[in-house]
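Comments concern the structure below.
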Amino acid sequence: MLIWVCLLISSAPFADDPMISKVLVLKSERKMQLLAGESVAREYRISLGDNPIGHKQQQGDERTPEGHYLIDFRNPQSRYHRSLHITYPNAVDKQNAKTRGVSPGGDIFIHGLPNGMGWMESAFVGRDWTDGCIAVTNAEIEEIWRLVKNGTPIEIRP
C-alpha cells in the first residue's frame, strides 16, 4: 500500500509544471527537449544505443530509432529506474524489416539508469550504453515521468 501511495505522489503534477505537448530528441546533439507548444520547457543530456548513427533497422542493431512515435505506456517495474515506452516499430518500420527478412525489434524506452546503479551515475552520463533506448539520470526520469503523459508525441531526429 505504501508503495502505491509513493508512486501516486511522485507522479502527481506540480502546480507550476508545464503542459508538455511533444518530446523532441536530437540524437547527434545527445539532447532531449520537452516542448510546451513551441517553447523548450526542459532539456536533458541523453545516452543512446551503442551504435547510435542511423535509424534502427532490426532487432539487435543497438540503434535508437528515428522518426515520429508516441509515448504509450510507462513501466514502474522496469529493469531501469522507471521507463516510458516509445511506439517503435511503427507500420513503416515493420514493413521495412519484413522486406529485409528481419525482425524490427522493439522495447524502446526512455529510461533511467539500471536498477541499483544510480550511485554510479558518472559512469553512464555522456556515453552511449543502451541497446537502442534513450537514457537519462534517475532524477531526470522522475521529472520526465511526471511531466510526459501517455499519448505524447515523440520525434527522434538524427
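Residue 50 meets the conditions (1) among the acidic types (Asp, Glu); (2) in contact with a helix residue (DSSP H, G or I) (Cβ under 9 Å, 6 or more places away or on another chain); (3) open to solvent by 70 Å² or more (accessible area, probe 1.4 Å) in every case but one. The failed one is (2). Residues in the range 110-121 that are free of Cβ contacts under 8 Å to residues at least 60 places away in the same chain, open to solvent by less than 30 Å² (accessible area, probe 1.4 Å) and either in a helix (DSSP H, G or I) or touching a Cys at 6+ places or on another chain (Cβ under 9 Å) (or both): 111 only.
Assessment of the range 126-133 against the conditions (in contact (Cβ under 8 Å) with a residue 12 or more places away in the chain and farther than 16 Å from residue 31 by Cα) yields at least one matching residue. Cβ-Cβ contacts under 7 Å between residues 6 or more apart (or on different chains), taken from a first residue in the range 7-27 that is open to solvent by 90 Å² or more (accessible area, probe 1.4 Å) to a second residue that is at pLDDT 60 or above and assigned to a strand (DSSP E or B), are listed as 19/36. Would the range 72-81 turn up any residue that is over 18 Å from the mean Cα position of the chain (by Cα), modelled with pLDDT of 95 or more and among the hydrophobic types (A, V, I, L, M, F, W, C)? So far as the range 72-81 goes, no, none of its residues is over 18 Å from the mean Cα position of the chain (by Cα), modelled with pLDDT of 95 or more and among the hydrophobic types (A, V, I, L, M, F, W, C).
Any chance you could count how many residues in the range 63-97 are outside any helix (DSSP H, G or I) and open to solvent by 60 Å² or more (accessible area, probe 1.4 Å)?
So the first thing to find is which residues in the range 63-97 are outside any helix (DSSP H, G or I), and the list is 63-90.
Among the residues that remain, those that are also open to solvent by 60 Å² or more (accessible area, probe 1.4 Å) are: 63, 68, 70, 72-74, 77, 79.
Qualifying residue count for the region: 8.
If you filter the range 130-151 down to residues that are under 20 Å from residue 57 (Cβ atoms) and in a loop (DSSP other than H, G, I, E, B), you find that the one that is least open to solvent (accessible area, probe 1.4 Å) is 132.
Can you tell me which residue in the range 41-63 is nearest to residue 144 (Cα to Cα), limited to those that are in contact with a Phe, Trp or Tyr (Cβ under 9 Å, 6 or more places away or on another chain) and not small (Gly, Ala, Ser)? Restricting to residues being in contact with a Phe, Trp or Tyr (Cβ under 9 Å, 6 or more places away or on another chain) and not small (Gly, Ala, Ser), the top hit is 48.
The values are calculated or read from the model by the stated rules, or taken from the named source; none is laboratory data. In this text, all values refer to a predicted model and were calculated from it rather than measured experimentally. Virtual Cβ from ideal backbone geometry, glycine too; neighbours counted across all protein chains shown. For the accessible areas, the whole protein counts, side chains as well, though only heavy atoms, and no ligand, DNA or RNA atoms are used. Shrake-Rupley method; radii C 1.70, N 1.55, O 1.52, S 1.80 Å.
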